[in-house]
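Quick notes on the structure that follows.
Since every read-out is calculated from the coordinates, none of them should be taken as a lab result. Because the structure is predicted, anything quoted here is derived from the model rather than measured. Note that we place each Cβ from the backbone using ideal geometry, even for glycine, and neighbour counts take in every protein chain shown.
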């Protein structure tokens, strides 16, 4: 099997963690979501980024899907500011960043500039429709962007949601300890049903290890909440997965719903964790009908130089005649005996208080989900 644990994206795992004082600096407050981006830069999850994008990098990403140095990148990582704050940070040159009263990082303002939100949205999301959640968020940004390197001087305290957060150097160390030569990554923003399990175990038949890496962060209304996703996956892995072949870690970043462009971004992050392969599902990172079901798979043909191999599995369904999960590759039976599984179907069942049948969802997973009074965002 082809593969081998790849080098980090860009060749070097970024580390922007420092021991440093913020005393006397201008302080800029940011949201928890921006703090997650900053910590992901500092911890190497966003390697090779060392800070928020300057204009040249942003323009190159929007036009070519690469940073200005040619390294592939598809999702802008930017820090927005209003005119007053843009002026202050430009004058200060260097400033502290806080959430609440916690001054956790320092940034050097290399560049302050305006940008076109419409061009940004069209390039990343393929639409300017304000009903698209990613477009809506982009249009709500302030009019100025601040580009420059960051330094994190204090990590966020561990919380129940961050108990399973890992950084790439920790995961890569564990890969070496276990002697794995290949590892397949699985991205999810949903609770697991049995079709997910079958897909992951099909990959586990081919590779040394499985890296289950659910996305924890802001999502659209109606998605499962973060604590529910963690509880559901912990229940599944503890009961049904070989401990020696599985790693579980949460990824703390926002869901952008950028479809194909976000699929590339998800693959790059898992490459930084050490994945040699990455599962790209049907309608990966999609929302509504903005992207056709296989757009996120087709885009990889234009990004063949990523050095992480995408895996495209057929859709799994439960065949009532085979009495097993199957796909069109190994099952000859028609739609009349198929039970299709989807996150939407699972959400509808849970919201109505219905316990999913055992052949669709493991009872331990269903119990974990239904233990929450309000399982949705």
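Relative to the longest principal axis of the Cα atoms of the chain, the long axis of helix 226-240 makes an angle of roughly 40 degrees.
With 0.36 nm allotted per residue and the present C-alpha distance subtracted, the residue 69-residue 336 stretch has 90.9 nm of extension available. With R₀ set to 22 Å, the beta-carbon distance separating residue 94 from residue 140 gives a calculated FRET efficiency near 0.20. Averaging 1/r over each pair of different alpha-carbon atoms in the stretch 27-152 and inverting the result gives 14.8 Å, the Kirkwood hydrodynamic radius. Sorting the segments 51-57, 20-26 by their residues' average number of neighbouring beta-carbon atoms within 10 angstrom, most packed first, yields 51-57, 20-26. Go ahead and estimate [θ] at 222 nm for the chain from helices alone: -39,500 (n - 2.57) per DSSP H run with n ≥ 4, summed, over the residue count, rounded to 500. After summing the helix terms and dividing by residue count, I get -9000 deg cm²/dmol. The ratio of the alpha-carbon radius of gyration of the chain to the globular-protein estimate 2.2 N^0.38 Å is 1.01.
Going from the fewest other Cβ atoms within 10 Å to the most, the residues 181, 373 appear in the order 373, 181.
Largest mean-square fluctuation among 325, 125, 186, in a Gaussian network model of the chain whose springs join Cα atoms under 10 Å apart, belongs to 325. Taking all C-alpha pairs of the stretch 1-52, those more than 19 Å from each other amount to 43 percent. Axis angle, to the nearest 10 degrees, between helix 168-178 and the longest C-alpha principal axis of the chain: 40 degrees. Taking 0.36 nm per residue of sequence separation and removing the Cα-Cα distance, the residue 59/residue 374 pair yields an extension gain of 109.2 nm. Highest GNM mean-square fluctuation among 292, 196, 266, for the chain modelled with Cα contacts below 10 Å: 292. To the nearest Å, what is the center-to-center distance of the stretch 116-181 and the stretch 6-25, using C-alpha atoms only? Using only Cα atoms to place each centre, the spacing works out to 15 Å. Take every Cα pair under 8 Å whose residues are at least 6 apart in sequence, average their separation, divide by the length of the chain, and the relative contact order is 19 percent. Cβ crowding within 10 Å, taken as a proxy for footprinting-reagent exposure, orders 158, 124 from fewest neighbours to most as 158, 124. Is the shape of the stretch 161-370 best called rounded, prolate or oblate, per the rule: a/c under 1.5 gives rounded, else a/b larger than b/c gives prolate, else oblate, with a ≥ b ≥ c the square roots of the Cα gyration tensor eigenvalues? Rounded. Could you compute the FRET efficiency for residue 87 and residue 21, with r as their C-beta to C-beta distance and R0 at 35 Å, rounded to 0.05? That pair, residue 87 with residue 21, gives E of 0.90.
Once the Cα atoms are used to define both axes, helix 194-204 deviates from the longest principal axis of the chain by about 80 degrees. The slack between residue 159 and residue 364, meaning 0.36 nm per residue of separation minus the straight C-alpha distance, is 71.4 nm. Taking 168, 357, 218 in turn, the Gaussian network model of the chain (Cα-Cα springs below 10 Å) assigns the largest fluctuation to 357. Could you let me know the centre-to-centre spacing of the stretch 280-344 and the stretch 188-215, using Cα atoms, in angstrom? Between the Cα centre of the stretch 280-344 and that of the stretch 188-215, the gap is 13 Å.
As an equivalent ellipsoid, the stretch 106-177 spans semi-axes of 33, 20, 13 angstrom, where each value is the square root of five times an eigenvalue of the C-alpha gyration tensor, largest first. Going from the residue with the fewest nearby Cβ atoms within 10 Å to the one with the most, 101, 111 rank 101, 111.
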